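Everything below concerns the one structure shown next.
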Amino acid sequence: MTTAPPTPIVAALDAHARRLASVHLRNLLCDAARPGRLALEAGPLHADFSRQRLDEAVLADLAAWASDCGFERRREDLFAGRVVNPTEGRPALHTALRGVGGDPAVASAVAAQLHRMDALATRLRDGGLPGFRGTPVRALVCIGIGGSDLGPRLVHDALREPGGFDVRFVANVDPDDLARELVGLDAATTAFAIVSKTFTTRETLANGLAARGWLAAGGCPPEATSGQLIGVTAAPEAARSWGIRPGLLLEFWDWVGGRYSLWSTVGLGIAVGCGPAAFAALRGGAATVDRHFRDAPLASNLPARVGLVSVWNRAFLGLPSQALIPYSERLRLLPAWAQQLVMESNGKSATLSGGRIERPTSPVVWGASGTNAQHSFFQQLHQGPDVVPVDFVVARASHTPSAYDGDDRHRILVANCVAQAAALALGREPTDGDGHRAFPGNRPSTLFTLPRIDAGSLGALLACWEHATFTAATVLGINPFDQFGVEYGKVMATSVESLLAGSDIDGIDPATRASVARLR
Ligand code: F6P
């Protein structure tokens, strides 16, 4: 197989990677001005790239490469609502959900649906939606999966306050998930939101039927169940046929990708649990970063740099995974959300035109909250054979006031975050030559700082990662807005389901047959 020679700018980046292979971060960090020069800001976000294994020549060539790849034109297409998802023939207008980009028709459709969502959220919060016994609904269980779950679940978990409206999330078709979330709830005062862009997702519809069954078992007459079932979808006809009443149907559109949909009516759980004002502030924070990403040149564009640095680490330095460690319990679900965003968007091997990509594309994204993670897998990050770049996220101020005089827990949290970044970068030679105590260092990270974990900062952070993912896709030549990779498994699951139910199907391999025989 012959491979095309790299373009001059890619060859220059390869040469930088070879040049920097023998340069330790310890030496790069001797330059006192480096952190100031390599940091960028966007709205409430500050990102320090000085612990990455690169220099300004690399950053300049990464930016030049992005331009070569048509970054500016693709970015304009994104905000203008042109088709940037060619395999599905769609634009990707998640920024329009935050009031940036799109045309007036899109803006008014968005405003109308968000207004309906806010009204429904307010009604629920005010006790204005009666259950089948006439008493107000007091809990909302959101049923959805993937992009119809991870974003709202993360934001709700990050911003919820004690005593707020009871909102719960169910994703897994494992019956235990719904059963455990229903503990303590009363059918007479519980509503369900069935959240599905397509309204065809097997897991969500099966859980929706189980929710209906639970309402009936709790005494709800069949004709009253639809009064406690809300639908959120881009397929309103399918939702209506499933039994969602028009008054409880919230819509969004096929030009909102599932993993970019939390900003739409998919965020109903956020509006109900945290309030419509918090949800608006979240979208406002995202809009600040949207405008920055749209307007800032590549050299000072924070999300673009995040995306380019991630490609530098994966495609040029050959580092296969990337950890995301929020030093915030409120952000403990951030890695799971980012995992879908990045890996479902860019975990591909085909170019926009269907050719094969010769370099590695997406890193494996994983992580957990600090400081807990330090007492788990950080051992391997410091001394394991594989180098894992880390994105650290930390807030300057705590959300929770001091519990006692001299309460220094937030200082401990921040100190640990910065200390990990420093230890990974600098490493340490053991004084007595004991290899067990050697820390090689030279392990890259980016430190993201927010003023505090509030709605605006969180919106900015999430939008930053969305645009970083888009930037990475642009230089890799990928369509980040389709996800054909998940389809094959879904088709197989349908056949296996039939086998488990006792049907025989031709063309099933012996291992699948054996597994089914064991599990029947
Ligand atoms: O499994 C992939 C996927 O299509 C995701 O992209 C999407 O977020 C999720 O399934 C749920 O889909 P839906 O919202 O249509 O139920």
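The values are calculated or read from the model by the stated rules, or taken from the named source; none is laboratory data. A quick note: this is a predicted structure, and the numbers were derived from the prediction, not measured. Note that each Cβ is placed from the backbone with ideal geometry, even for glycine, and that neighbours are counted across all protein chains shown.
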Go through the range 240-259 and report how many residues are under 17 Å from Asn207 (Cβ atoms), within 13 Å of the ligand (Cβ to nearest atom) and touching a Pro at 6+ places or on another chain (Cβ under 9 Å). 0
Assess whether Ala280 counts as being among the hydrophobic types (A, V, I, L, M, F, W, C) and closer than 30 Å to Ala111 by Cα. yes
Identify, by number, the condition in (1) touching a helix residue (DSSP H, G or I) at 6+ places or on another chain (Cβ under 9 Å); (2) of a type outside the set (Gly, Ala, Ser); (3) free of Cβ contacts under 8 Å to residues at least 40 places away in the same chain that Arg73 doesn't meet. (1)
Within the range 266-277, does at least one residue satisfy the condition of being within 15 Å of the ligand (Cβ to nearest atom), in contact with a Gly (Cβ under 6 Å, 6 or more places away or on another chain) and under 23 Å from Ala119 (Cβ atoms)? no
Take Ser264 and decide whether it is under 30 Å from Thr204 (Cα atoms), out of contact with any Pro (no Cβ under 7 Å at 6 or more places or on another chain), touching a residue at least 24 places away in the same chain (Cβ under 8 Å) and polar (S, T, N, Q). yes
Ala39 vs (1) crowded, with 20+ Cβ neighbours inside 10 Å; (2) touching a strand residue (DSSP E or B) at 6+ places or on another chain (Cβ under 6 Å): all pass except (1)
Subset tally (residues that are touching a residue at least 60 places away in the same chain (Cβ under 8 Å) and buried (at least 24 other Cβ atoms within 10 Å of the Cβ)) for the range 148-159: 8
Can you run down the residue pairs with Cβ atoms below 7 Å, 6 or more apart or on separate chains, where the first is in the range 314-340 and within 16 Å of the ligand (Cβ to nearest atom) and the partner is in a strand (DSSP E or B)? Ala338/Leu324; Ala338/Val365; Gln339/Val365; Gln339/Trp366
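Residue-by-condition table, conditions (1) within 16 Å of the ligand (Cβ to nearest atom); (2) out of contact with any strand residue (DSSP E or B) (no Cβ under 8 Å at 6 or more places or on another chain); (3) farther than 21 Å from Ser321 by Cβ:
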site	(1), (2), (3)
Thr449	no, no, yes
Glu466	yes, yes, no
Val475	no, yes, no
Phe481	yes, no, yes
Tyr488	yes, yes, yes
Ala493	yes, yes, yes
Gly507	no, yes, yes
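Condition check ((1) more than 16 Å from the ligand (Cβ to nearest atom); (2) at pLDDT 95 or above; (3) over 21 Å from Ser321 (Cβ atoms)) across all residues:
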{"position": "Thr351", "(1), (2), (3)": "yes, no, yes"}
{"position": "Gly355", "(1), (2), (3)": "yes, no, yes"}
{"position": "Ile412", "(1), (2), (3)": "yes, yes, yes"}
{"position": "Gln420", "(1), (2), (3)": "yes, yes, no"}
Just one of Ala139, Ala158, Ala107 is farther than 13 Å from Gly269 by Cα and of a type outside the set (Val, Ile, Thr); which is it? Ala107
Selection count, the range 372-396, where residues are among the polar types (S, T, N, Q) and farther than 19 Å from Val414 by Cβ: 4
Which of the numbered conditions does Val388 fail, given that it passes all the others? Conditions: (1) within 26 Å of Ala455 (Cβ to Cβ); (2) in contact with a strand residue (DSSP E or B) (Cβ under 7 Å, 6 or more places away or on another chain); (3) surrounded by 15 or more Cβ atoms within 10 Å (Cβ to Cβ). (1)
Quick one: in the range 169-210, which of the residues that are away from the ligand (no atom under 15 Å from the Cβ) and of a type in the set (Gly, Ala, Ser) is surrounded by the fewest Cβ atoms within 10 Å (Cβ to Cβ)? Gly184
Just one of the numbered conditions (1) modelled with pLDDT under 95; (2) in a helix (DSSP H, G or I); (3) of a type in the set (Gly, Ala, Ser) is not true of Ala107; which one? (1)
Quickly run through the range 202-230 and pick out the residues that are over 16 Å from Val137 (Cα atoms) and either touching a Cys at 6+ places or on another chain (Cβ under 7 Å) or among the small types (Gly, Ala, Ser) (or both). Ala206, Gly208, Ala210, Gly213, Ala217
Name every residue in the range 2-27 that is surrounded by 12 or more Cβ atoms within 10 Å (Cβ to Cβ) and either of a type in the set (D, E, K, R) or not in a helix (DSSP H, G or I) (or both), in order of residue number. Pro6, Thr7, Asp14, Arg19, Val23, His24, Arg26
Selected residue (criterion: surrounded by the fewest Cβ atoms within 10 Å (Cβ to Cβ)) from residues of the range 306-323 that are more than 18 Å from the chain's Cα centre (by Cα) and of a type outside the set (A, V, I, L, M, F, W, C): Gly318
Verdict on Glu72 being over 18 Å from Ser310 (Cα atoms), within 25 Å of the chain's Cα centre (by Cα), outside any loop (DSSP other than H, G, I, E, B) and not aromatic (Phe, Trp, Tyr): yes
Leu129 closer than 30 Å to Pro221 by Cα and surrounded by fewer than 23 Cβ atoms within 10 Å (Cβ to Cβ): yes
Return the pairs, sorted by first residue and then second, in which the second residue is small (Gly, Ala, Ser) and modelled with pLDDT of 95 or more, the first residue lies in the range 192-217 and is on the phi > 0 side of the Ramachandran plot, the beta carbons are less than 9 Å apart, and the residues are 6+ apart or on different chains. Phe199/Gly231; Phe199/Ala234; Phe199/Ala235; Phe199/Ala238; Phe199/Ala239; Phe199/Ser241
Flagged in the range 324-363 as among the acidic types (Asp, Glu) and either within 17 Å of Val309 (Cα to Cα) or more than 15 Å from the chain's Cα centre (by Cα) (or both), in numbering order, are Glu329, Glu358
Tell me which residues, restricted to the range 218-239, are within 16 Å of the ligand (Cβ to nearest atom) and surrounded by fewer than 24 Cβ atoms within 10 Å (Cβ to Cβ). Leu229, Ala234, Ala235, Pro236, Glu237, Ala238
Hey, can you tell me all the residues within the range 49-58 that are surrounded by 20 or more Cβ atoms within 10 Å (Cβ to Cβ) and charged (D, E, K, R)? Arg51, Arg53
